[in-house]
1. Report, by chain and number, residues whose modeled amide H sits under 5 Å from the one on Thr54, excluding near sequence neighbours (fewer than 5 apart, same chain).
2. Ignoring any ligand, DNA or RNA, what whole percent of the accessible area of the stretch 34-152 comes from carbon and sulfur when the probe is 1.4 angstrom?
3. With labels modelled as points extended 7 Å from the Cα through the Cβ direction, what inter-label distance (nm, one decimal) is found for Glu252 paired with Ala238?
4. Considering only DSSP beta bridges where both residues belong to the stretch 65-135, give the percentage that are antiparallel (nearest 5).
5. Put a dot 7 Å past each Cα toward the Cβ at Glu91 and Arg185; how far apart are the dots in nm?
Amino acid sequence: MRWIHGVAVGALSLALAACTTSPTGRSQLTLMSDQQLDQMGAQAFAQYQQERSTVGGAPYRHVQCVTEAIVRTLPPQARDGGWQVRVFEDESANAFALPGGYVGVNTGLLAIAENQDQLAAVIGHEIAHVLAHHANERASTQSATNLGLSVLSSAAGLEGAGGEQVMAALGLGAQYGILLPFSRRHESEADVVGLQLMAEAGFDPRASVALWRNMSAAGGGQPPEWMSTHPSHGQRIAGLEAQMPEVLPRYEQARQAGRTPNCGRP
């Protein structure tokens with residue numbers, strides 16, 4: 001099986017030729033164009049609105065205010081066209097941002113985020129995923145992994161029931177050895193960039209730690225970290241706390257510059 005592993009690694013390494021750099025300086029595999037990603041984001045946002053009820057009034061104004069404050073700190077190309085915001089009637093404490101400039105927040109998150117700063121921690125994190133091209137990287141890594149496994153199947157003559165079992169095992173290895181750790185890396189990177197965004201917008205980055213303590217208290221059990229696309233709550237909180245010496249000066253500078261958002265609470 002060692003030679004099979006070598007072929008898989010080689011097939012994946014070939015795809016790494018299409019590399020870009022993330023906001024934290026990490027090399028990325030990005031095979032899709034911005035136009036493709038923006039179109040996918042628009043389609044996903046439209047479908048999400050068809051499937052779920054939206055909420056207006058104070059909850060919407062609260063989320064829009066926080067989002068707009070963060071968007072004002074983005075590079076000009078990331079602000080062009082504005083960002084659309086929706087609040088969805090959903091008890092799960094979740095939010096998302098999509099390529100093309102779309103933000104969605106569930107009412108369940110508003111029940112856990114106690115103030116504008118805690119909400120900004122989540123929205124900053126989600127927008128950071130878009131700025132860092134994580135959707136492109138995930139899709140590209142998935143494509144490269146599938147290509148590698150397909151090449152393996154053909155080269156090794158893995159056909160029939162036995163071959164399917166081997167390929168299933170290889171797919172499992174790729175899932176836990178490549179794709180999920182990569183997603184955890186995305187989450188940690190979005191935490192770092194999201195803290196910078198919220199601080200530069202004038203939101204207190206220390207609220208991110210309080211938010212995740214709320215999340216930990218409200219949430220149930222988590223899968224083992226090696227099987228999860230997200231860091232554990234404890235590891236995430238430790239990572240956020242480690243970033244405070246770097247982001248707190250940004251927050252103080254933003255406040256001194258007059259960036260003092262007042263988004264209230266619905």
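The values are calculated or read from the model by the stated rules, or taken from the named source; none is laboratory data. Bear in mind that the values here come from a model prediction, so they are computed numbers and not experimental data. Heads up, the Cβs are rebuilt from the backbone with ideal geometry, glycines too, and the neighbour counts pull from every protein chain shown. Surface areas here come from the heavy atoms of the whole protein model, side chains and all, with no ligands, DNA or RNA. Shrake-Rupley method; radii C 1.70, N 1.55, O 1.52, S 1.80 Å.
1. For Thr54, whose amide H was placed from the backbone, the distant partners under 5 Å are Glu89.
2. 46 percent
3. The answer from the label model is 2.8 nm.
4. In the stretch 65-135, DSSP labels about 45 percent of beta bridges as antiparallel.
5. Placing both labels 7 Å beyond Cα along the Cβ direction yields 3.8 nm.
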